[in-house]
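These notes are about the structure you will find just below.
The values are calculated or read from the model by the stated rules, or taken from the named source; none is laboratory data. Here the structure is a predicted model, which means the values were calculated and not measured. Neighbour counts are summed over all protein chains in view; Cβ atoms, including those assigned to glycine, are modelled from backbone coordinates with ideal geometry. In case anyone asks, the SASA skips ligands and DNA or RNA and just uses the protein heavy atoms, side chains included. Shrake-Rupley method; radii C 1.70, N 1.55, O 1.52, S 1.80 Å.
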Amino acid sequence: MSLLERVAALEAEVKQATAKTAEEVERFRVAMLGRNGAVTELFDAFKQVSADEKRALGQRLNQLKQAAQERLDELKAGSTTIGPTSSTTLDLSAPSATEATGSHHPISIVRQRIVDIFGHIGYTVSQGPEVEDDHHNFGALNFPPDHPARDMQDTFFVEGDDLALRTHTSSVQVRVMENSSPPIRTISPGRVYRNEAISARAHCMFHQVEGLYVDKGVSFADLKGTLDHFTKSLFGPDVSIRMRPSYFPFTEPSAEVDMSCTICNGSGCNICKQSGWVEIMGCGMVDPTVLTNCGIDPEVYSGFAFGMGVERIAQLIYRVPDLRMYWENDVRFLDQFTAATFRH
Ligand code: DAH
């Protein structure tokens, strides 16, 4: 190809050149006018030709260079220099812009796990109202009329009515027994309220899970076996439980359930106050008076009941140091919890 032919070919190329990005513009500049660009090379070759040829070629070359420069300016003006260039869109190492996703509240996660464990051994879930009457919250459960739990110190009463915010989910066992007949196997998760000063260790609202099993021949051994199964399912096969005699108006006998401390494995730490045991719930055999109050014949049926605080259980799993953190809705706190905590 003669130099003149090359000039013609490059003129056509310059005319047709396009560029969408600043990068492509730069590529055009380098290809044409760069140190080793096609136009620059032609100028180098021009030096070698005869004086005659120079006259004809010189003018064309200058025109070509000018056309290339003008095209470059046009492309620059039209190209988009804002936004990602092709190399950044393909940067596979760049952190992805993930959407922030929500997560379950730790109390919901633990409550759901408790429901699942009892669901596997045949327990249904039952619910009752949070605004409750005296009969279901206290009377039917054998609380004497002058019991201190009825006092203004502990209970939020609803003004002008015989109603209060329920102080425990034991009220639901009354409703279940009144409305169904044995065999009854049910748990009742829900919110409860007490007139407490809010601190790191107490709140005026918290969550409980109540359990109730009523049938012919239900024994204290059944209760202990069920709770042993529950704690091992939730905390792992190595934990053990023990029962201490206690008192509740609605159970006889009554017991407090301790679990071997999962933090020090029983050797003694701050959480278990050096005892190796942590209290996790109350329980007992349903008092025959309560069965009678709810229309179930205690001569035919017996039952057990238990009640646990969800925040307390969650505290042992997640080691949350202050109860108030659960309800402050700080996403830095809430983001940390996942159901994957449970491997058992
Ligand atoms: N209702 C009790 C409380 O709020 C917990 C409880 C203890 C429930 C013993 C029970 C039980 O069913 O048998 O502290």
Which listed residue, of PRO298, PRO245, is open to solvent by 20 Å² or more (accessible area, probe 1.4 Å), without any contact (Cβ under 8 Å) to a residue 40 or more places away in the chain, touching a Pro at 6+ places or on another chain (Cβ under 8 Å) and closer than 30 Å to PRO129 by Cα: PRO298
Failed criterion for ALA19 (all others in (1) outside any loop (DSSP other than H, G, I, E, B); (2) modelled with pLDDT under 90; (3) crowded, with 16+ Cβ neighbours inside 10 Å hold): (1)
Number of the condition not met by ARG166 [criteria: (1) within 13 Å of the ligand (Cβ to nearest atom); (2) open to solvent by 40 Å² or more (accessible area, probe 1.4 Å); (3) of a type in the set (Lys, Arg)]: (2)
From SER240, SER267, residue being over 15 Å from VAL110 (Cβ atoms) and without any contact (Cβ under 8 Å) to a residue 12 or more places away in the chain: SER267
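Looking only at residues in the range 169-189 that are of a type in the set (D, E, K, R) and either assigned to a helix (DSSP H, G or I) or surrounded by fewer than 16 Cβ atoms within 10 Å (Cβ to Cβ) (or both), which one is farthest from the ligand (Cβ to nearest atom)?
Here the answer is GLU178.
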Selection status of VAL218, away from the ligand (no atom under 15 Å from the Cβ) and assigned by TED's automatic domain parsing to the domain that holds ASN293: no
Residue tally, condition part of a strand (DSSP E or B) and either among the aliphatic types (A, V, I, L, M) or not assigned by TED's automatic domain parsing to the domain that holds ASN293 (or both), over the range 104-148: 2
Matching residues in the range 48-68 - criterion: being more than 16 Å from GLU5 (Cβ to Cβ) and either surrounded by 15 or more Cβ atoms within 10 Å (Cβ to Cβ) or not assigned by TED's automatic domain parsing to the domain that holds LYS20 (or both): LYS65, ALA67, ALA68
Residue within the range 143-157 that is open to solvent by less than 40 Å² (accessible area, probe 1.4 Å), over 22 Å from ALA255 (Cβ atoms) and not hydrophobic (A, V, I, L, M, F, W, C) present: yes
Selected residue (criterion: nearest to the chain's Cα centre (by Cα)) from residues of the range 194-213 that are open to solvent by less than 40 Å² (accessible area, probe 1.4 Å) and within 12 Å of the ligand (Cβ to nearest atom): HIS207
